[in-house]
Protein chains: 2
Amino acid sequence: MSNHHENLKNQIVCQSWMIIQEEGWQALSIRKIATAIGYSLPVVYKYFSSKDDLIEHFSKEGFLKLTEDLKNSIAEEHDSKQQLNLLAESYWNFAFNHRKHYEIMFGLGIPTCEKINSHVEMQDTCLVFENTIQQVIAQHQNTNLDVHLKLKTFWSILHGLVAIELLTNSEESASPSLILKDAIEGFILSLTNKKA
Amino acid sequence: MSNHHENLKNQIVCQSWMIIQEEGWQALSIRKIATAIGYSLPVVYKYFSSKDDLIEHFSKEGFLKLTEDLKNSIAEEHDSKQQLNLLAESYWNFAFNHRKHYEIMFGLGIPTCEKINSHVEMQDTCLVFENTIQQVIAQHQNTNLDVHLKLKTFWSILHGLVAIELLTNSEESASPSLILKDAIEGFILSLTNKKA
DNA sequence: CTACATTTGCTAACACTGTTAACAAGGAGT
DNA sequence: ACTCCTTGTTAACAGTGTTAGCAAATGTAG
């Protein structure tokens, strides 16, 4: 079993991805997939129980890739503050180099799929952020800070910048931008500065 | 002319809004609208050239309301730094009290409509932010700062926090949150602190 | 090798969607 | 009475996600 099985599932994913990249999420339809893989409609349903199921696959795939990129970006850096900068840069690059992925992951103008948030793959991404933030906090003996809160703030800054950029500059822009560096610098300060 | 005309257009908007609030954006269909207003399909097209056109109406309506809320929030406050805090709080409240509006305005999981960004109503919202930021900068003689850049940062922080909140805490949460205050505080510092 | 069972894939349909063409009824103006 | 135009209709086109029912091929047991 399952050689052809796996192969066909890959075919579906692969062809779907082509459609998405060339025509956007809106254009992705089961019928189009079916003809692309050279089979009839119901075959697709043998491998994905619904269209949402297929879309969720790409969302998970995106978080997997993002987590990998993030991990790689800090692998050879041992200063945890500098790691935060690298994470931010890596996050930004992911969003722009894998735009379509980012779109489903954070629901920016997608057909169906209501709540594809909070699966395991996303929690892994959180962990990468959290660990690094935790290190910076520990390093500066700022144990009064709430890591979860800071994680949320960090992620919000990143996503906010990316989303506004993606929404306004529809087509251009790529480099991590001054704003990003500035914002992250401020965030790091909020971790290292001691106050009341 | 146009008494009945205006009336029917209002009916369409009104009934559409009911559907959206009760069943979400996904459930909004021209047919459903038609039966809701007691007319047949093509009537809807007399008042809105397409579904996107109708959706865009709500997007504009949202930005109008947001701009109004923002302006009101700072009307009786003369300290421009404090105004920024009020703007942030007001923005947050708008996003949570007018969730469905916020969803289309920033494309969080919507059916059709590719690029409903950058219409005039949105630029008005920008202006409110920009004016206040400009004031803070002037007040601290930090004229080397780029207002547009700071505007983008401010908006990004706000949207980022809101979006992450809306995506994760699907149903709960309402109060402007500690993170928001913290983040805005940091932003204000970046406006008032002088450096290289 | 036959006979049954299972998988594999198909066609066709259901219930929807946005959008538009073609047409019927009513009132206004000449 | 005869146009003209607005107002509204029905019916259709071209799509969508999804599923039921059936045919053919494939594998397994006797």
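Here, each number is a calculation from the coordinates, and none is a lab measurement. Since this is a predicted model, take the numbers as computed values, not measurements. Cβ atoms come from the backbone with ideal geometry, glycine included; neighbour counts cover every protein chain shown.
Overview of results
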| read-out | value |
| --- | --- |
| Helical contribution to [θ] at 222 nm, DSSP H n ≥ 4, -39,500 (n - 2.57), averaged over chain A, rounded to 500 | -24000 deg cm²/dmol |
| Among B:Ile137, A:Ser190, A:Val128 - extreme Cα towards positive end, dipole of the protein assembly as shown, charges at beta-carbon | A:Val128 |
| Nearest-ten-degree value, helix B:147-168 long axis tilted from longest Cα axis of chain B | 60 |
| Debye equation applied to the C-alpha atoms of segment B:51-192, log10 I(q)/I(0) at 0.17, 0.21 Å⁻¹ | -0.95, -1.35 |
| Separation in nanometres of the label points that stand 7 Å from Cα toward Cβ, at B:Leu145 and B:Met18 | 4.8 |
| Cβ-vector label at 7 Å, B:Gln123, separations to other copies in nm | 4.7 |
| For residues of A:8-14, the mean tally of beta carbons on other chains within 10 Å | 0 |
| Calculated FRET value between A:Lys71 and A:Tyr39, using beta carbons and R₀ = 41 Å, to 0.05 | 0.65 |
| Integer Hz, Karplus 6.51/-1.76/1.60 couplings in order for segment B:47-54, x for Gly and Pro | 10, 9, 5, 7, 5, 4, 4, 5 |
| Whether the protein assembly as shown is rounded, prolate or oblate, judged on the alpha carbon gyration tensor where a/c under 1.5 counts as rounded | oblate |
| Shortest-first distances to equivalent copies, position B:Leu41, nm, label 7 Å out along Cβ | 1.8 |
| 10 Å Cβ shell holding at most 15 others, DSSP loop, GluC sites (Glu not before Pro): longest site-free stretch of chain B | B:1-75 |
| Difference of contour (0.36 nm per residue) and Cα-Cα distance, B:Leu127 to B:Lys181 | 17.3 nm |
| Gyration tensor verdict on segment B:1-48 (Cα atoms; rounded if a/c is under 1.5, prolate if a/b is larger than b/c, oblate otherwise) | prolate |
| Amide hydrogen neighbours beyond the local backbone of A:Leu145, cut-off 5 Å, H modeled | none |
| Beta carbon of chain B nearest to the axis of the rotation taking B to A, residue and angstrom distance | B:Gly160, 1 |
| Global geometry of segment A:27-67, whether rounded, prolate or oblate, following the gyration tensor of its Cα atoms and the 1.5 cut on a/c | prolate |
| Magnitude of the charge dipole, the protein assembly as shown, Cβ model with Lys/Arg +1 and Asp/Glu -1, debye to 20 | 340 |
| Pairs from A:Lys181/B:Lys152; B:Lys46/B:Lys100; A:Lys9/A:Lys32; B:Lys81/B:Lys181 whose Cα-Cα separation, in the structure shown, is over 18 Å | B:Lys46/B:Lys100 |
